[in-house]
Protein chains: 2
Amino acid sequence: MSGDLLVKDVRPMGGSVTDVRVRDGRIEALGQRLEAPGDAATVVEGRGELLLPGFVDAHAHLDKTLWGLPWRPHSGGPTLAELIRNERRHRRELPPVAQRAGNLLAAYVAAGVTHIRSHVDVDPEAGLASIEGVLEARERFRDRVTVEIVAFPQSGMLVEPGTRELLEAAVEAGAECVGGLDPAGVDGDPVEHLDAIFGIAARHGAGVDIHLHDCGELGAWEVRLIVERTRALGLAGRVMISHAFCLSIVADGVFDELARDLAEQRIAVATAASPRGEPLPLRRLRDAGVAVCLGQDGIRDLWSPYGTGDMLERAMLLAWRSSFRRDEDVELALETATIGGARALGLEGYGLDVGCHADLVVLPGEGLAEAVVSRPPRSLVVKRGRIVAGRRASTVA
Amino acid sequence: MSGDLLVKDVRPMGGSVTDVRVRDGRIEALGQRLEAPGDAATVVEGRGELLLPGFVDAHAHLDKTLWGLPWRPHSGGPTLAELIRNERRHRRELPPVAQRAGNLLAAYVAAGVTHIRSHVDVDPEAGLASIEGVLEARERFRDRVTVEIVAFPQSGMLVEPGTRELLEAAVEAGAECVGGLDPAGVDGDPVEHLDAIFGIAARHGAGVDIHLHDCGELGAWEVRLIVERTRALGLAGRVMISHAFCLSIVADGVFDELARDLAEQRIAVATAASPRGEPLPLRRLRDAGVAVCLGQDGIRDLWSPYGTGDMLERAMLLAWRSSFRRDEDVELALETATIGGARALGLEGYGLDVGCHADLVVLPGEGLAEAVVSRPPRSLVVKRGRIVAGRRASTVA
C-alpha cells in the first residue's frame, strides 16, 4: 500500500549500510537484509548512497516567487522600502499565487525538501488573497511536502491600518503563525507591534515568527522585548526570530545574555545565509542551546533573482559564508537544513529513528560534508513513505 | 577537418538567433542559414540556446587540488600561516600533481572553461616538481583547454631562501608569469620582494601576478609599490593583483587614486568572490577602466573543500556576494568570467566576433542573467573549433 516501502542499502547520515523498512508512512525498522513490509510493497535499491531525513526550509516566501515564469529582470531599488514598494507596484501583473507557489513546490520536492515554513504576505490592498493562494497550493501538494504558513505583514502592520485585523483573520483561515517585521525599523513602535502580534498568537494558540533586520543595539533591544513577551505569555518553544542580524555584531557580553534568554525560552533563530555582513555565529548559538534553522528566503521573486529550492545548496552557501572548512563545521551547516529546522519548528516524528515519519532523501556522496560541497541531484525523495521524486522503484517485491 | 564546425541556431550573448561557421579553429562567419565549412564538417544544432565565449578562470591552483580523490576531511587551522603549514605537512601524501591537475582540468572542460591561469607552488622543499606536473597535465589537455602558469612562492620568497632562484628557473621551464605573495604580510620586506619578482619578469619578458591579502592602508601602499615598478619597467598590461582585499575597504579618495593608477598601467585585478568581508567594488573598478577578472581559487584542496570548476557558479557567487539584483549587474559578474578574464590576461582573439578563436559554450537559458542564477549544464563546449564536451554532433553534413 501507499506508505509502505523498503529502501535497501543506504547509509543513514553517512554511517554503515542498512535497509530501511517503512510501514504506514513511518520507519518501522532499520537493519540488514530486512523483509519488505508486504507482498505488494515497493522496494528501492539504495546502492550504498547517503540517506538523510527530508530537508526543512524554515523560512520561505512561496507567495512571492516567479518560479516557472518567463524571466523578469529585477526592477527594484536597493533599499528595503524601495523593494517593498516595487513588489506592491508589480505583483498585480503576476499569475495567481497558487500557480506560482505550486511551481516552486514542485522544485522543492525534486530537491528533497519535505517540510516548509512559508511567510505569506497580508496587507489591506491584497487582503488574504496570498494566504488563500498558498493554502490552495499546499492542499494540492499535501502528499508530497508539508507546508506551514506565517501570516506576514510585509508592508508593515501599524503603518498599514487594517493589517492587524487581517493577521488575525489569516490565523483563523489556517495560518499557523503570526509574523512580524522590524517592529522599530519598519513599524516605528516596537512595543505596540510586538504586543499586537503576541496578542493574536496567545488568543489563537498560534506561533510567532518575526523578521528582524534591525541591527546592533536596536535589534538586540527588540530581542529582549521578544523574550519578555514569550515568557509572559507562556509561548516558550513557539517563537522564531528570522534573520536576527543583530546577533552577528553585538558585543560578546550582550550576545551571551541574549543567547541564554533565547535558549531558556526556546526561541529559535532562522538564517537564510545572507550574502552581506557578518554571518550568524552558528557554533556559538548551538553551544548556547539555541535552535538554529535555515531557509531559502525568497526564490526568484520581485526581491531577488537568486535561489533554486535546493536546501543542500543553501547549506553550502551558509557553510561557505561562515568560512567552515572542517567536516564537523560543514555538517553543522547541513544540520540547520535538517534536524535544526525540525527542532526550531517543533516537528513531531522527524529523523531517521524507528517510529519517525518516513520523510527521506537518498543521494550520492561519500559523506555529509562531501554531499554539501558537491550537491548532487537527489536519487530518491520519500514523503511519509511515498516516493515523490527521483529514481523510480527498481524492483517490486 | 578538426577545427571546422557549423553551430546552428544559437543566440550569441542572448541576442538574436544565428548560425556560427568555424574554419581552422576560428569563427569565419555569423549569420542566417550558413553553409557548413566543408562536406565533412560537423554540424551541431544549437536549438536556440545561448552562445557564450569559453569561460576564463583567471586565478586557479591546479597543483593543489584533491579533485577525483577520495574525500579528505579538512585538517588545517584557520590562519594563513596554519594553512600553509598544513599543506606543507600533507602534500607528500597525495598522488602526483599531473594526475590531480588532470582530474580537475577534465571538470573545467565539462563546465565550458577554455582558458585557465594557474598559480603553481614553488619552494625549496618541492623545487619545481609542481610546475613540472602542471606542465605535463596542460600538455595532455592542450587541445581542450589552454593553461598559463604563474610560478607562485606559496611559502614566501625571502623567508624561504632559494625560492627566488626557483621562481626564475620556473619561468625558464615554461611558466608565463612570476608570482608574489603578501610582500609585507608574509615576506616581511615589500620593497625587496617586489624588486625581486619584477626583476625576474623584466629579465625574461614574463608577466607578474601577486597575491595581495594585506589589507587597508598597508595593502594600498603595496599597490602603490606595484604601480611604481610596473611603470618603471614598462610592464604595463603584464601585471595582475590577485584578491586585492585592500581595494574593498580603503577610503574613497585613496580608492580613486589607486584605480586611476591601475587603469593607467593596465594592471588588472583578479577576484575569487571571497566568502567574507566586503566584496570588491566591481562597478567602480570597471568605471575607472580597471580590468577585473574572476577565478575559482583553490578547488577542493588542503585549503578548502569548496569549488567545482564551474565559472558560471563562481559568477553567481560573485553577483550574490555583491548584492547584484539587476540584469546589468549580474551580467557584469558574468563578464568577469569571460571577456574580463580575456582582457586581464591579454588573450588574443577572444570573443564571438568573426576572426576570433572558436572557444565556445552553448547552454540553455533565456538570457545572461538567468543563466548565471540557474547555472544549467553545458550543452556544448568547443575549443578552437573542436567539440570537447557536451552534446555530440546531431548531424554531419
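The values are calculated or read from the model by the stated rules, or taken from the named source; none is laboratory data. This is a predicted model, so every value here is computed, not measured. Cβ placement follows ideal geometry from the backbone for every residue including glycine, while neighbour counts extend to all protein chains displayed.
Quick rundown of the values:
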{"quantity": "Qualifying positions in the stretch B:309-349 - hydroxyl-bearing (S, T, Y) and either closer than 19 Å to B:V150 by Cβ or within 11 Å of chain A (Cβ to nearest Cβ) (or both)", "calculated": "B:S322, B:S323, B:T336"}
{"quantity": "Meets criteria (of a type in the set (G, A, S), buried (at least 17 other Cβ atoms within 10 Å of the Cβ), away from every other protein chain (no Cβ under 14 Å) and in contact (Cβ under 8 Å) with a residue 24 or more places away in the chain) for A:A29", "calculated": "no"}
{"quantity": "Qualifying position, being farther than 21 Å from B:L30 by Cβ, buried (at least 20 other Cβ atoms within 10 Å of the Cβ) and without any contact (Cβ under 8 Å) to a residue 24 or more places away in the chain, among B:R321, B:R325", "calculated": "B:R325"}
{"quantity": "Filtered residues of the stretch A:9-23 (kept if part of a loop (DSSP other than H, G, I, E, B) and either touching an Asp or Glu at 6+ places or on another chain (Cβ under 6 Å) or outside the structural domain of A:E45 (by TED's automatic domain parsing) (or both))", "calculated": "A:V17"}
{"quantity": "Flag if B:S379 is within 14 Å of another protein chain (Cβ to nearest Cβ) and hydroxyl-bearing (S, T, Y)", "calculated": "no"}
{"quantity": "Exclusive hit being more than 20 Å from the chain's Cα centre (by Cα) and crowded, with 22+ Cβ neighbours inside 10 Å, set B:H243, B:H193", "calculated": "B:H193"}
{"quantity": "Selection status of A:V382, out of contact with any helix residue (DSSP H, G or I) (no Cβ under 7 Å at 6 or more places or on another chain), more than 30 Å from A:I210 (Cα to Cα) and among the aliphatic types (A, V, I, L, M)", "calculated": "yes"}
{"quantity": "Residues being crowded, with 24+ Cβ neighbours inside 10 Å and within 30 Å of A:R72 (Cβ to Cβ) - total across the stretch A:274-298", "calculated": "6"}
{"quantity": "Residue within the stretch B:356-364 that is in contact with a His (Cβ under 7 Å, 6 or more places away or on another chain), within 14 Å of chain A (Cβ to nearest Cβ) and at pLDDT 95 or above present", "calculated": "no"}
{"quantity": "Positions within the stretch A:38-70 being surrounded by fewer than 18 Cβ atoms within 10 Å (Cβ to Cβ) and not in a strand (DSSP E or B), in sequence order", "calculated": "A:G38, A:D39, A:A40, A:G68, A:L69, A:P70"}
{"quantity": "Conditions (1) in contact with a strand residue (DSSP E or B) (Cβ under 8 Å, 6 or more places away or on another chain); (2) surrounded by 24 or more Cβ atoms within 10 Å (Cβ to Cβ); number of the one not met by A:D187", "calculated": "(2)"}
{"quantity": "Per-region count, the stretch A:16-26, residues surrounded by 17 or more Cβ atoms within 10 Å (Cβ to Cβ) and farther than 28 Å from A:A369 by Cα", "calculated": "2"}
{"quantity": "Neighbours by Cβ (under 7 Å, 6+ apart or cross-chain): first from the stretch A:299-318, on the phi > 0 side of the Ramachandran plot; second among the aromatic types (F, W, Y) and surrounded by 24 or more Cβ atoms within 10 Å (Cβ to Cβ)", "calculated": "A:G309/A:Y108"}
{"quantity": "Any pair with Cβ under 7 angstrom, 6 or more apart, that starts in the stretch B:50-76 at a residue that is away from chain A (no Cβ under 14 Å) and ends at one that is among the charged types (D, E, K, R) and not in a strand (DSSP E or B)", "calculated": "B:P53/B:D359; B:G54/B:D359"}
